[in-house]
1. Has region 62-71 got at least one residue that is open to solvent by 60 Å² or more (accessible area, probe 1.4 Å), without any contact (Cβ under 8 Å) to a residue 40 or more places away in the chain, within 13 Å of PHE6 (Cβ to Cβ) and not in a helix (DSSP H, G or I)?
2. So THR11 clears everything in (1) open to solvent by less than 60 Å² (accessible area, probe 1.4 Å); (2) assigned to a loop (DSSP other than H, G, I, E, B) except one condition, right? Which one?
3. If you go through region 24-33 one residue at a time, do you hit one that is among the small types (Gly, Ala, Ser), touching a Ser or Thr at 6+ places or on another chain (Cβ under 7 Å) and loosely packed, with under 15 Cβ neighbours inside 10 Å?
4. Only one of VAL40, VAL22 is assigned to a strand (DSSP E or B), hydrophobic (A, V, I, L, M, F, W, C) and modelled with pLDDT of 95 or more; which?
5. Within region 39-61, restricting attention to residues that are without any contact (Cβ under 8 Å) to a residue 40 or more places away in the chain and more than 11 Å from GLU5 (Cβ to Cβ), which residue is surrounded by the most Cβ atoms within 10 Å (Cβ to Cβ)?
Amino acid sequence: FQKHEFFVDMTCEGCSNAVTRVLHRLGGVSFDIDLPNKKVYIDSEHNVDTLLETLKKTGKNASYLGEKSAQ
């Protein structure tokens with residue numbers, strides 16, 4: 001899978017929990033949430049549009065930052 005990097009305007013644990021909830025509902029993803037930097041890293045076979053729409057379901061401002069190279 002390609003690892004994608006997204007900005008999500010998360011301010012608290014509740015925000016990151018909302019992100020976790022919508023991504024679990026989508027399924028087929030593994031992800032890391034970087035709350036202090038407001039980033040979400042997602043490994044998935046879903047396309048970017050699907051992932052972005054899913055993140056926007058949290059009601060937070062979300063944007064796609066690009067692909068993250070594997071380290």
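1. For region 62-71, residues open to solvent by 60 Å² or more (accessible area, probe 1.4 Å), without any contact (Cβ under 8 Å) to a residue 40 or more places away in the chain, within 13 Å of PHE6 (Cβ to Cβ) and not in a helix (DSSP H, G or I): absent.
2. (1)
3. yes
4. VAL40
5. For region 39-61, the residue satisfying everything is THR54.
The values are calculated or read from the model by the stated rules, or taken from the named source; none is laboratory data. These numbers come from a predicted model, not from an experiment. All Cβ positions, even for glycine, are placed from backbone atoms using ideal geometry, and neighbour counts span all protein chains on display. Surface areas here come from the heavy atoms of the whole protein model, side chains and all, with no ligands, DNA or RNA. Shrake-Rupley method; radii C 1.70, N 1.55, O 1.52, S 1.80 Å.
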